[in-house]
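Quick notes on the structure that follows.
The values are calculated or read from the model by the stated rules, or taken from the named source; none is laboratory data. Source: prediction; values computed, not measured. Cβ sites come from the backbone with ideal geometry, for glycine too, and all protein chains shown count toward neighbours.
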Amino acid sequence: MTTSSPLTDLIHLRSAGVSVVIDASGSTLPRIVHWGADIGDLSPATLRSVVDATIQPEVSNTTDDLLQLSLIPENSRSWTGTPGLSGHRDGADFSPAFATTSRDFAVGADGSQTLRFTAHDADAALELHLTLELTAQGLLRSQANVRNDGEGVYTLDGLLIAFPVPNKATDLLDLTGRHLRERSPQRHPFTLGTYSRENRRGRTGADATLLLIAGAANFGFRSGQVWGVHTAWSGNHRTLAERIPLGNAMLAGGELLLSGEVRLAQGETYTSPWLFGSFGDGLDELSGRFHDYLRARPQHPVYPRRVVGNTWEATYFDHDLERLTALATAAAAGGVERFVLDDGWFLGRRDDHAGLGDWYVDAAVWPEGLGPLADAVRGLGMDFGLWFEPEMVNPDSDLARAHPEWILQTGKRMPPLSRHQQVLDLAHQGAYDYILERLDSLIKEYGVAYVKWDHNRDLIDAGHSPRGQAGVSKQTRAVYRLIDELKGRNSGLEIESCASGGGRVDLEILSRTDRIWASDCVDAHERQLIQRWTGLLVPPELVGAHVGSPVNHSTGRSLTLDFRAATAFFGDMGVEWNLTTATEKEQARFAQWVSAYKSSRDLLHSGRVVRVDSPDPTVWINGVVAHDASRAIFSVAIMGTSEIAPHGRVRLAGLNPDLTYSVRPLPPGDLDWLPERTLVPWWHNGLEIPGSVLHDVGIQLPDLPPESAVILELVAVPAT
Ligand code: DGJ
């Protein structure tokens, strides 16, 4: 049910501990006066005072008009930072001055509160629609679209949305990374000027920031006010933090448009990505809003999440029915519930030089098609999943030979190859129809329940044939359409978003997919970092986390099965190791881990994620606490050696200080191989201890070796 209500000039939205005060007075675009902690139920007069209290005085050498930092910042309103809308009509109409002509308000059945504004610039002949929503979970999100109402083409160079942040936000945190090392944090002061994270890879990018966060000095996971934005887009995009000398600061984001990419004919509209904003007291609270929001979506994937067995690092391109059936059998014995056949099954695909685009089962390796394997997998009680890379084509393929014009290119030359492949122009109707038909037929023919959707190269020189107009924007939208159409045709189909590992992790792709592959690196040491920071946006049940081989294929590091499994335990767990080569002991231990995970996943996939700020940088503590704090599971991972031995007491956060908890190591994460002398007195029988003590005093753990982790299970007990 949606209700409309009349609007006042000053609007106060409140939800889940967050307030947003919007000044929509006058005809200029609305501006956010306060976004942050809930300031309570205010009378109209008090709200007026809140707004009055924030108006800046005039200072020397500025315009006589007061600066207005609106949601779409305008140079015409004295904003000298980055403008929200940039573009021109044959060189003119470059500086819009929008006047709001209508607005309305609705409350959704899910509790979201939505404001919609329409604004015009009659001189520039542009109409703007702006949506601003406070979700039930306290996330702020906004989207805009602009229509060209004038004669001739309006070339749009960018449409950014901005959320202001207060001057107490003095530090910035953003993420970067690369293939095999996605989402590494970096921190710096929020100085005057523009700090812009731009992505021109044509996919979200392993180095994309995921979130750009401004916060009070020394903010951490559990303390310090923080404001973060996420640009929900899987193509080129821009997210920036900007502070100007008048004291105003903002976080902004939007699609990064290539030259000439969006040329609006009269009557045409461009729609921006959603910009999401989250506020929190500490990063965990900011992060929890994203998790709650994702979990509240009607399309959130079904529970319980199935344990995945993926063939990639087990067999690579070495496909053969007998070998893969044996692998499926070992996987099922280990407790795997979904078996995914990765790259290598289609025409000509014996390695990564050829075949992409030829989406027909290769009879040379699969003489009877994939049916026998798919049937065997189902016979073992598992789902059958299949790998595709729908947006790609190898020049050495029948498809490229037949349709070179379907390859994204500048028109005069081909882009450089990357992994021997090019990108298929899905904005080309012929290419789109072909890919849709191939995927849809194969999904139906083999009863595919799960698609691993890969994307293994950046979009370079990506233009539409034959003229070579920049094509990333249309390609990104075509991919969204394709996924939507496939899902519409195949009810219940789940899709994993993969792009050379974790290169496509964003809320727009997640609105139509069911899991992200966090990284091609399944080395548990690296994964501790990758999963911790990916988890800032994405809840554990959507983050693919696999147990790899004893010697990792990307780093060469040897890690114990316990450390590998304890790390995968905190994501959407799976395995990517040739279990047929594992010893009986390893197979049994793996099965034990999967079984422990299955018994815990109701909590792991629904509770609040907690990361503890540890004084010892080698001790990483993270956990999941039930919303009523009655249960929790924590992992304490030792990431390296330390000057201190044993490691000091470990504090556990996010619990109810007034409840007493029984604390026990959870087998097989109980380090049953540690020598008795290194254990602590409570190890075998557990502890009963108040939440306040766990938080303020902490508990001493055994002296753990580097690259090991203990799993602790906490259950609230009646106080004695
Ligand atoms: C990159 C992915 O991230 C891997 O997991 C695997 O699917 C390969 N591509 C297959 O080519």
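Any idea which of Ala332, Ala314 is hydrophobic (A, V, I, L, M, F, W, C) and more than 16 Å from the ligand (Cβ to nearest atom)?
Of Ala332, Ala314, the one residue that is hydrophobic (A, V, I, L, M, F, W, C) and more than 16 Å from the ligand (Cβ to nearest atom) is Ala332.
Inspect all residues belonging to the stretch 226-243 and state whether any of them is in a loop (DSSP other than H, G, I, E, B) and surrounded by fewer than 24 Cβ atoms within 10 Å (Cβ to Cβ).
Checked the stretch 226-243: no residue is in a loop (DSSP other than H, G, I, E, B) and surrounded by fewer than 24 Cβ atoms within 10 Å (Cβ to Cβ).
Looking at the stretch 513-545, which of the residues that are charged (D, E, K, R), within 22 Å of Ile495 (Cβ to Cβ) and part of a loop (DSSP other than H, G, I, E, B) is farthest from the chain's Cα centre (by Cα)?
Ranking the candidates gives Asp520 first.
Just to be sure before I move on: is Arg589 part of a helix (DSSP H, G or I) and more than 18 Å from Leu712 (Cβ to Cβ) in the structure I sent?
Taking the combined requirement at face value, the residue satisfies it.
For the stretch 548-581, name all the residues that are in a helix (DSSP H, G or I) and of a type in the set (A, V, I, L, M, F, W, C).
Across the stretch 548-581, the qualifying residues are Leu561, Phe563, Ala565, Ala566, Ala568, Leu579.
For the stretch 281-304, which positions are closer than 26 Å to Ser70 by Cα and either more than 18 Å from the chain's Cα centre (by Cα) or surrounded by fewer than 17 Cβ atoms within 10 Å (Cβ to Cβ) (or both)?
Asp281
With the structure loaded, tell me whether Val612 is of a type outside the set (Lys, Arg) and away from the ligand (no atom under 16 Å from the Cβ) or whether it fails that test.
Yes.
Please determine whether any residue of the stretch 305-328 is basic (Lys, Arg), surrounded by fewer than 24 Cβ atoms within 10 Å (Cβ to Cβ) and part of a strand (DSSP E or B).
no
Residues are listed down the side, and each one gets a yes or a no for (1) surrounded by fewer than 18 Cβ atoms within 10 Å (Cβ to Cβ); (2) of a type outside the set (A, V, I, L, M); (3) at pLDDT below 95:
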{"residue": "Ala637", "(1), (2), (3)": "no, no, no"}
{"residue": "Leu687", "(1), (2), (3)": "no, no, no"}
{"residue": "Pro706", "(1), (2), (3)": "yes, yes, no"}
{"residue": "Leu712", "(1), (2), (3)": "no, no, no"}
{"residue": "Val715", "(1), (2), (3)": "yes, no, no"}
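Can you name the condition, by its number, that Glu445 falls short on among (1) over 23 Å from Leu211 (Cα atoms); (2) within 15 Å of the ligand (Cβ to nearest atom)?
(2)
Being in contact with a Ser or Thr (Cβ under 6 Å, 6 or more places away or on another chain), outside any strand (DSSP E or B) and closer than 20 Å to Trp533 by Cβ is the requirement here; does Gly654 meet it?
It is false that Gly654 is in contact with a Ser or Thr (Cβ under 6 Å, 6 or more places away or on another chain), outside any strand (DSSP E or B) and closer than 20 Å to Trp533 by Cβ.
Quick check: is even one residue across the stretch 455-474 surrounded by fewer than 20 Cβ atoms within 10 Å (Cβ to Cβ) and of a type in the set (Ser, Thr, Tyr)?
Among the residues of the stretch 455-474, at least one is surrounded by fewer than 20 Cβ atoms within 10 Å (Cβ to Cβ) and of a type in the set (Ser, Thr, Tyr), which makes the answer yes.
So, of the residues in the stretch 389-422 that are within 16 Å of the ligand (Cβ to nearest atom) and out of contact with any strand residue (DSSP E or B) (no Cβ under 6 Å at 6 or more places or on another chain), which turns out to be nearest to Arg481 (Cα to Cα)?
Across the stretch 389-422, the extreme among qualifying residues is Pro390.
Report, by residue number, each residue of the stretch 472-517 that is aromatic (Phe, Trp, Tyr) and within 16 Å of the ligand (Cβ to nearest atom).
Answer for the stretch 472-517, where residues must be aromatic (Phe, Trp, Tyr) and within 16 Å of the ligand (Cβ to nearest atom): just Trp517.
Every residue in the stretch 39-63 that is surrounded by fewer than 15 Cβ atoms within 10 Å (Cβ to Cβ) and touching a Ser or Thr at 6+ places or on another chain (Cβ under 9 Å), please.
Listed by number, the residues that qualify are Gly40, Pro44, Thr62, Thr63.
Every residue in the stretch 518-533 that is more than 16 Å from the ligand (Cβ to nearest atom) and aliphatic (A, V, I, L, M), please.
The answer is Ala524, Leu529.
Go through (1) closer than 22 Å to Arg305 by Cβ; (2) not in a loop (DSSP other than H, G, I, E, B) for Arg504 and report which single condition fails.
Going through the list (1) closer than 22 Å to Arg305 by Cβ; (2) not in a loop (DSSP other than H, G, I, E, B), Arg504 breaks only (2).
Which one of these does Leu132 not meet: (1) of a type in the set (A, V, I, L, M); (2) crowded, with 17+ Cβ neighbours inside 10 Å; (3) farther than 25 Å from Gln225 by Cα?
Checking Leu132 against (1) of a type in the set (A, V, I, L, M); (2) crowded, with 17+ Cβ neighbours inside 10 Å; (3) farther than 25 Å from Gln225 by Cα, the one that fails is (3).
Considering only the stretch 372-382, I want to know if a residue exists there that is more than 16 Å from the ligand (Cβ to nearest atom), surrounded by fewer than 19 Cβ atoms within 10 Å (Cβ to Cβ) and modelled with pLDDT under 95.
Within the stretch 372-382, none of the residues are more than 16 Å from the ligand (Cβ to nearest atom), surrounded by fewer than 19 Cβ atoms within 10 Å (Cβ to Cβ) and modelled with pLDDT under 95.
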